[in-house]
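*Asks:* Sharing a structure below in structure tokens format, with a few things to ask.
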Amino acid sequence: MAKRDYYEVLGIGKGASEEEIKKAYRKIAIKYHPDRNPGNKQAEEKFKEAAEAYEVLHDPQKRQQYDQFGFDAPGGFGSSGFGGQGFDMDDIFSMFGDIFGGHSGFGGFGGFSGSGRGQHAQYRGADLRLKVRLSLQEIATGVTKKFKVRKDITCSHCHGSGAEAGSGSETCPTCGGRGVVVKTVRTMLGMMQTQTECPTCHGEGTVIKNKCHACNGTGVVKGEEVVEIQIPAGVADGMVVNVPGKGNTGPHNGINGNIQVYIEEEENDTFVRDGQDVIYNLLLDFPTAALGGEVEIPTIEGTKVKIKIEPGTQPGKTLRLRGKGLPAVQGYGSGKGDLVVNISVYIPKTLIREEREAIEKFRESENFKGDLSTKKSIFDKFKNYFS
Ligand SMILES: [Zn+2]
Ligand SMILES: [Zn+2]
């Protein structure tokens, strides 16, 4: 099934405010909630579809990427992203619990908890953002970059547990070891009993007796780490590469955050990028254009290739070297772009006497005046510029 536009999914306009996005999502999520539509596959699909749309549109960065690239934005949306694996229900609740005003998400609906698969949102390390400037050559081949990043790393004193050596843990006094507390709350659907994660032990059921003095019980400390990040070939300015698990270490031996790498592209003096194609402007000398020959041109990989120039090559002619352009980013199309060579012909600005005399001889030659078909093709070219 073709993916529907995210704005269409939420039934909002492209210019919708954050508040409108939130409202629209809330409405759909409540209508199609699985507990209100038991066994209804279609409702479940709608519910997931809305969650995915909301995930992208409520984040200004992702929304901008989506507006610019649509579903093809690298960094990825929904199930098609870098390392993305689609949504499951647990993800939806762990991601959007906050919109429904409580960490446990829908709480009263039961069956789902805000912390999917026994993972605690609090125990996930925060994501990090990095910026990287790449040359066209690095983009052509892909590149591995090393970054020294300041981030939360595992506390070496307690090995991430947060407990002072030998102290261990005891039953949580707030929840008596259950990990959850029950609250009665007013919701849009009336009064409900809702189970929320215990605020003292964050669902663990136990608390540390003596907190580690080095990390104050969190299990993480500030530190520095050199991370190696592989940037795939074919990326472009403005894209975001998500590197799972390399961000801040999760507290209490939790889940690590990600690193989001923002791509910037250096200007290139030799080539102009046009999507996957690269354009090279070749200035040909007049004798080679007239007589034909061979010229060497640079490639984006930093090598050189020889190209054949036909006798009588006209300025404005374009040659296309198939497959000598940029590769597609993994998973976003296939094959490589072309190296497009735009030819212009150099006419000397000044001439020495011998040159002048030689060229004077051609002035009266009919052959040098250009035949009707050449004139017509130049005329057509200009016409096309203005139409
Ligand atoms: Zn510690
Ligand atoms: Zn507790």
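Every read-out reported here was derived from the displayed coordinates using simple, explicitly stated rules and does not represent laboratory data. Predicted model, so just to flag it, every value in this text is computed and none were measured. Reconstructed Cβ throughout: ideal geometry from the backbone, glycine too, with neighbour counts over all protein chains shown.
*Asks:* Would you kindly state how much longer the chain becomes between Arg4 and Arg129 on full extension, computed as 0.36 nm times their sequence separation minus their alpha carbon distance, in nm to one decimal?
*Replies:* 42.1 nm
*Asks:* Tell me which residues come under 5 Å, amide H to amide H, from Val305 once H is placed; ignore anything under 5 positions away on its chain.
*Replies:* Amide H neighbours of Val305, under 5 Å, 5+ apart: Ile297, Thr299.
*Asks:* If the cut-off is 17 Å between C-alpha atoms, which lysines fall inside it for Lys361, apart from same-chain ones fewer than 8 positions away?
*Replies:* Within the straight-line limit of under 17 Å, Lys361 reaches these lysines: Lys369.
*Asks:* Go through segment 292-299 residue by residue and turn each phi into a ³J(HN,Hα) via Karplus (6.51, -1.76, 1.60, θ = phi - 60°); whole Hz please, and just put x for glycine and proline.
*Replies:* Result, rounded to whole Hz: x, x, 10, 10, 9, 10, x, 10.
*Asks:* Using modelled amide H (1.01 Å from N, peptide plane; none on Pro or chain starts), what sits under 5 Å from the amide H of Arg124, excluding residues fewer than 5 places away?
*Replies:* Distant-sequence amide H within range of Arg124: Ile255.
*Asks:* Moving to a separate point now. Need one number: nm distance between label points at Asn253 and Val295, each 7 Å from Cα along Cα→Cβ, rounded to one decimal.
*Replies:* Spacing of the two 7 Å Cα→Cβ label points: 6.6 nm.
*Asks:* Once label points are set 7 Å from the Cα along Cα→Cβ at both Glu44 and Ile30, what is their separation, rounded to one decimal in nm?
*Replies:* Distance between the two pseudo-spin positions: 2.4 nm.
*Asks:* Once phi is turned into ³J(HN,Hα) by the Karplus curve 6.51 cos²θ - 1.76 cosθ + 1.60 with θ = phi - 60°, what whole-Hz value does each residue of segment 304-311 show in order, with x for glycine and proline?
*Replies:* Rounded to whole hertz, the list is 10, 10, 8, 10, 8, 10, 6, x.
*Asks:* Pull up the cross-link candidates among the lysines for Lys151, meaning alpha carbon to alpha carbon under 25 Å and not fewer than 8 places away within one chain.
*Replies:* Lys62, Lys131, Lys211, Lys222, Lys246
*Asks:* For segment 278-289, just list the computed ³J(HN,Hα) in residue order, Karplus coefficients 6.51, -1.76 and 1.60, θ = phi - 60°, integers in Hz, with x standing in for Gly and Pro.
*Replies:* 10, 9, 10, 8, 9, 9, 8, 6, 4, x, 5, 4
*Asks:* Going by amide H atoms built from the backbone, whose H comes under 5 Å of the H on Ile231, apart from near neighbours?
*Replies:* Excluding prolines and chain starts, which carry no amide H, the hits are Val143, Thr144, Lys145.
*Asks:* Between Lys361 and Ser156, with labels modelled 7 Å along Cα→Cβ, what's the label distance in nm to one decimal, could you check?
*Replies:* 8.3
*Asks:* When only C-alpha pairs under 8 Å and at least 6 residues apart count, what is the relative contact order of segment 262-376, in percent?
*Replies:* Rounded, it is 26 percent for segment 262-376.
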